[in-house]
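Next up is a structure, given as structure tokens.
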Amino acid sequence: MSTLTRKPETVSATTVWFDDSKLYVRLADGREVGVPIDWYPRLRDASEEARNNWRLIGRGQGIHWEDVDEDLLVAGFLKA
């Protein structure tokens with residue numbers, strides 16, 4: 001029996017921004033993904049300054065917000 005397996009897609013971010021209701025991520029391949037900020041209460045309730053204090057981790061595969069102790073995987077935005 002043969003089983004074909006597909007290598008998981010590596011997704012990485014290049015930048016992050018917010019508006020009043022969404023968190024947006026620009027991916028390295030040029031796509032932009034927006035998800036409701038309500039999905040992430042720590043980010044929703046954080047100040048604008050804390051939201052904008054993010055850094056990419058894992059070569060862009062994750063995003064970390066030091067001020068609110070939040071880490072998100074970029075691939076998770078594509079599964080939503």
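Given the options VAL11, VAL33, name the one that is under 19 Å from LYS79 (Cα atoms), in contact (Cβ under 8 Å) with a residue 60 or more places away in the chain and touching a strand residue (DSSP E or B) at 6+ places or on another chain (Cβ under 8 Å).
VAL11
Considering only segment 49-63, state which residues are open to solvent by 80 Å² or more (accessible area, probe 1.4 Å), under 13 Å from THR14 (Cβ atoms) and in a loop (DSSP other than H, G, I, E, B).
Those that are open to solvent by 80 Å² or more (accessible area, probe 1.4 Å), under 13 Å from THR14 (Cβ atoms) and in a loop (DSSP other than H, G, I, E, B): ARG59, GLN61.
Can LEU72 be described as of a type outside the set (Gly, Ala, Ser), under 10 Å from ALA13 (Cβ atoms) and either under 10 Å from the mean Cα position of the chain (by Cα) or not in a strand (DSSP E or B) (or both)? Break it down into steps so the answer makes sense when it comes.
Values: of a type outside the set (Gly, Ala, Ser): yes; under 10 Å from ALA13 (Cβ atoms): yes; either under 10 Å from the mean Cα position of the chain (by Cα) or not in a strand (DSSP E or B) (or both): yes.
Yes: the conditions hold for LEU72.
Now, a different point. Look at segment 12-35 and say how many of its residues are open to solvent by 40 Å² or more (accessible area, probe 1.4 Å) and part of a loop (DSSP other than H, G, I, E, B).
7
Hey, any hits in segment 41-48 for a residue that's of a type in the set (Asp, Glu) and surrounded by 13 or more Cβ atoms within 10 Å (Cβ to Cβ)?
Narrowing segment 41-48 to residues of a type in the set (Asp, Glu): 45, 48.
Retained after the next criterion (residues that are surrounded by 13 or more Cβ atoms within 10 Å (Cβ to Cβ)): none.
No, that holds for no residue.
The values are calculated or read from the model by the stated rules, or taken from the named source; none is laboratory data. Predicted model only: the values in this text are computed from it and were never measured. Ideal geometry is used to build each Cβ from the backbone, glycine not excepted, and the neighbour counts take in all protein chains shown. Surface accessibility is based on the protein's heavy atoms, side chains included, excluding ligands, DNA and RNA. Shrake-Rupley method; radii C 1.70, N 1.55, O 1.52, S 1.80 Å.
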